[in-house]
Amino acid sequence: GPIDLLLLGDSHAEHLFPGFAQALPDLNVVFYGKAGLPLHDNPNYAVIFDTILNTREPYPVLISAMWHARVKEVGAQSKLSVKLSETLQRLEAAGKPVYLVDDVYQFQFDPQRCKFTHPLSGSTHCSDLKDMYRQTRDSYMFALEAAQLRDPDLVLVRLDDLFCDEQACRMDADGQLFFRDNNHLNIQGSKLVGSAVAGYLRRHPKLALL
């Protein structure tokens, strides 16, 4: 059927799909993705962008990626912001409202250290200091914010308060684990993010259709 909402990007867009699908059960939520940055001039995405740009339906496109690890693919934050702006302009010219989605934190340990107690100490390790998240986020957020400055209609959806407080970032809460490895959400984590972002999009005037 016709697309109602499109998630575009690498595996860090893909891991949002189950959560969005559950949070928006009346909509046809679709994921298009490949490895690499979701940019119009990335050969990996050539067929995907050809498909999106040549469909008339004005469905919204949410773009997400493992931003901090992919900046090096274009060489610098400034180049990423320019290429993002070019990509956004093409999508908007095709009638697609576009949203940039922030990334989740990449922890310095795997979920096993959080799920299971250490055999000697009897302790678990489920959090990293917030400063480590800030360092990671600073490596790409300038590019996303610069793209937003170039396009006043662009909405930047931030995820920093979902897993972090002022002191630390955690991969669990209330006995639930939200990550399947150190940087990908599991089903429960996807549901948490999907519900939060879908609620935000419903409140946003550009997406009253949700």
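The values are calculated or read from the model by the stated rules, or taken from the named source; none is laboratory data. Values in this document were obtained by computation on a predicted structure and should not be read as measured data. Because the Cβ atoms are built from the backbone with ideal geometry, glycine has one as well, and the counts that use them run over all protein chains shown. Ligands, DNA and RNA are excluded from the accessible area calculation, which covers all protein heavy atoms including side chains. Shrake-Rupley method; radii C 1.70, N 1.55, O 1.52, S 1.80 Å.
Miscellaneous remarks
- Among the candidates Leu120, Leu162, Leu149, residue that is at pLDDT below 95, of a type in the set (A, V, I, L, M, F, W, C) and in contact with a helix residue (DSSP H, G or I) (Cβ under 7 Å, 6 or more places away or on another chain): Leu162
- Residues of the stretch 176-194 that are farther than 18 Å from Thr124 by Cβ and open to solvent by 40 Å² or more (accessible area, probe 1.4 Å): Ile187, Lys191, Leu192.
- Under the condition of being loosely packed, with under 12 Cβ neighbours inside 10 Å and assigned to a helix (DSSP H, G or I), the residues counted in the stretch 52-63 number 0.
- Residue match in the stretch 163-170 (condition: among the basic types (Lys, Arg) and closer than 29 Å to Ile3 by Cβ): no
- Whichever residue in the stretch 33-51 is open to solvent by 60 Å² or more (accessible area, probe 1.4 Å) and without any contact (Cβ under 8 Å) to a residue 24 or more places away in the chain and, among such residues, is farthest from Phe178 (Cα to Cα): Asp50
- Only a single item in (1) modelled with pLDDT under 95; (2) β-branched (Val, Ile, Thr); (3) closer than 23 Å to Arg134 by Cα is not met by Thr55, and it is number (3).
- Among the candidates Gly189, Gly175, residue that is out of contact with any His (no Cβ under 6 Å at 6 or more places or on another chain), at pLDDT 90 or above and farther than 29 Å from Ala76 by Cα: Gly189
- Scanning the stretch 6-27 for residues that are more than 16 Å from Leu100 (Cβ to Cβ), buried (at least 21 other Cβ atoms within 10 Å of the Cβ) and among the hydrophobic types (A, V, I, L, M, F, W, C) yields a total of 1.
- Residue check for Val30: more than 19 Å from Asn183 (Cα to Cα), in a helix (DSSP H, G or I) and open to solvent by 20 Å² or more (accessible area, probe 1.4 Å): no
- Matching helices (runs of 4 or more DSSP H) fully within the stretch 79-175 where at least 3 residues are open to solvent by less than 70 Å² (accessible area, probe 1.4 Å) and either touching a residue at least 60 places away in the same chain (Cβ under 8 Å) or touching a Ser or Thr at 6+ places or on another chain (Cβ under 9 Å) (or both): 141-150
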